[in-house]
Amino acid sequence: MSSTKVLFGFHAVGVRLKTAPQSILEIHFEPTRRDARMRSFLDRAAEAGIKLVESDGQRLAKLCGGHGHQGVVARVQALTQVHSLDELLEDLEAANAALPPEQRNPPLILVLDGVTDPHNLGACLRVADGAGAHAVIAPKDHAAGINATVAKVASGAAETVPYFMVTNLARTLNELKERSIWIIGTSDTATSTLYQSDLKGPVALVLGAEGAGMRQLTAKTCDALVSIPMRGAVESLNVSVASGVCLYEALRQRSVRPGGVNTIKSIAA
């Protein structure tokens, strides 16, 4: 039988409701909240045939560990991660091989070295989903795992972006190299900038924790190191912001087709 877990907040529960409603066992909601957002959300859940349970704020807080639940907590079946990292990359290679060159989608991977704060991880997963990254990789011994806080901050992306925690990060990076994936790390001391890099091919972007940066062995394993230009008084960006800058630069480069046609889909803020 599948294990169960808790999701909370409109975004996290809403994404599961949209992508895998059959996996939702029940949704607890605060009956005193009667605003339009709650009514619309409950209507969608009812249409999907999901069991709805009225629960007061104290009960909701107990279910999700006291975090900001927005009046919505769901008990769900944990989704099985279909792919190992190798399987994901093999499937991606096979899919690309069947497409003409201009339609191929080379691997885009975010690697986080030493990101232990669940809020940062959740934000990184959210931006990885938005930019179309195929996976996020982190070391088992020095990284945050997926928990309820990560799921809420990720606003559903913890359900959509494969997150692989590996035993030996340097070895995994070398295995990516063997698959012709270029490893680009970020460093505030690098002489080349992100915007001088070609990110159109298979690439893994490596970022370290704010302040500490990448570990020395991780940095040595990278094919290249780049910096993010800083023009103000602060010396660095939060890791989730830096992830967004890097991933969306890759998306920008990949979205410009021959002839200068930009295929990026515009979104509302």
Given the criterion modelled with pLDDT of 95 or more, more than 18 Å from Ala128 (Cβ to Cβ) and of a type in the set (A, V, I, L, M, F, W, C), identify the matching residue among Ala233, Ala268, Ala204, Ala219. Ala219
Filter the stretch 89-116 for residues that are part of a loop (DSSP other than H, G, I, E, B) and either buried (at least 20 other Cβ atoms within 10 Å of the Cβ) or free of Cβ contacts under 8 Å to residues at least 12 places away in the same chain (or both) and give the result. Ala98, Leu99, Pro100, Arg104, Pro107, Gly114, Val115
Inspect the stretch 235-246 for any residue being surrounded by 13 or more Cβ atoms within 10 Å (Cβ to Cβ) and touching a Lys or Arg at 6+ places or on another chain (Cβ under 6 Å) and give the result as yes or no. no
Matching option when the condition is modelled with pLDDT under 95 and either outside the structural domain of Thr19 (by TED's automatic domain parsing) or hydroxyl-bearing (Ser, Thr, Tyr) (or both), among Gly244, Gly185, Gly156: Gly156
Mind counting the residues in the stretch 32-55 that are surrounded by 12 or more Cβ atoms within 10 Å (Cβ to Cβ) and touching a residue at least 24 places away in the same chain (Cβ under 8 Å)? 12
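The values are calculated or read from the model by the stated rules, or taken from the named source; none is laboratory data. Just so it is clear, the model here is predicted, and its values are computed rather than measured. We place every Cβ from the backbone using ideal geometry, glycine too, and count neighbours over all the protein chains shown.
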